1. Cβ contacts < 8 Å: first residue small (Gly, Ala, Ser), restricted to segment 97-109; second residue part of a helix (DSSP H, G or I), any location; separation 6+ or different chain. Result?
2. Being among the acidic types (Asp, Glu), surrounded by 11 or more Cβ atoms within 10 Å (Cβ to Cβ), in a helix (DSSP H, G or I) and within 12 Å of the chain's Cα centre (by Cα), is that true of even one residue in segment 97-110?
3. I'd like the residue in segment 1-56 that is of a type in the set (Val, Ile, Thr) and in contact with a Lys or Arg (Cβ under 9 Å, 6 or more places away or on another chain) and, out of all such residues, is modelled with the lowest pLDDT.
4. Given the options 94, 49, name the one that is under 24 Å from residue 107 (Cβ atoms) and in contact with a Pro (Cβ under 7 Å, 6 or more places away or on another chain).
Amino acid sequence: MKVHYQVQTNSKTLKGEEVQLEVQFEKKLKPLPKKDYALLPPYFFEAFSRIYYMMQPENLSCDGELSRRQIARRKARLKEEWRLLEQQLGYKVSFNSFEDEFYRRLDCGR
């Protein structure tokens, strides 16, 4: 969730345009307690699972076929998706703790 604050001034730049400043603050998210990973709603679990799966080295690099630059871009995009999901959920989700829950559900067949 981004909170937008907008500040306008009446001052003019050298070209005579009005200056407009926009400052964005992001809400600080609390970590999701480990015991609550089992309670993640299916939508969030599936979305985090997809990103988790794509972040695995063999998937991230397409079995070594991508260049380092392409891998870095792909990883950055996936991390941004993870962060956006956290904001929708309202909690910070630890990658390692999610991994534990992912394999626990996989073993249980859920």
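The values are calculated or read from the model by the stated rules, or taken from the named source; none is laboratory data. Model, not experiment: these values are computed from the prediction. Cβ: placed from backbone, ideal geometry, glycine included. Neighbour counts: every protein chain shown.
1. Correct list of pairs: 97/34; 97/37.
2. Checked against the condition, which is being among the acidic types (Asp, Glu), surrounded by 11 or more Cβ atoms within 10 Å (Cβ to Cβ), in a helix (DSSP H, G or I) and within 12 Å of the chain's Cα centre (by Cα), segment 97-110 yields no hits at all.
3. Within segment 1-56, the first condition is being of a type in the set (Val, Ile, Thr), and the residues that meet it are 3, 7, 9, 13, 19, 23, 51.
With the extra rule that they be in contact with a Lys or Arg (Cβ under 9 Å, 6 or more places away or on another chain), the set shrinks to 3, 19, 51.
Numbers: 3: 42, 19: 47, 51: 95.
Result: 3.
4. 94
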